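The values are calculated or read from the model by the stated rules, or taken from the named source; none is laboratory data. Everything numeric in this text was worked out from a predicted model, so none of it was measured. Here Cβ is always computed from backbone atoms with ideal geometry, including for glycine, and neighbour counts include all displayed protein chains.
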Amino acid sequence: MDNLYHEIRLLREQLLTRIELLEDEVDYLTEENMYYSKQIYELRSDINSLFGDIKQHTHEGLEYQESSEEVNKKSKETP
């Protein structure tokens, strides 16, 4: 009976040690996940900002192109 009790205590200690290791691993992975989530958020923000800049420059370029076409059309119409 004492031998069985000793085995149970040993198993319990091993399981507690494994649980502690798993808890540490979960903490590490949680921190890592938060770090990568922050990195992804910053990348998305940068991409959205760059996309906005490109969209604005494209829009400005189209306005310039349209106004140039209008000037060329008017200059061709007037003799």
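Is it the case that the range 20-39 has a residue that's among the β-branched types (Val, Ile, Thr), modelled with pLDDT of 95 or more and either loosely packed, with under 10 Cβ neighbours inside 10 Å or part of a helix (DSSP H, G or I) (or both)?
Within the range 20-39, one or more residues are among the β-branched types (Val, Ile, Thr), modelled with pLDDT of 95 or more and either loosely packed, with under 10 Cβ neighbours inside 10 Å or part of a helix (DSSP H, G or I) (or both).
Consider Thr58 carefully, then state whether it is part of a helix (DSSP H, G or I), more than 19 Å from the chain's Cα centre (by Cα), among the polar types (S, T, N, Q) and modelled with pLDDT under 95.
Spelling it out, Thr58 is indeed part of a helix (DSSP H, G or I), more than 19 Å from the chain's Cα centre (by Cα), among the polar types (S, T, N, Q) and modelled with pLDDT under 95.
Would you mind stating whether Tyr64 is modelled with pLDDT of 85 or more and of a type in the set (Phe, Trp, Tyr)?
no
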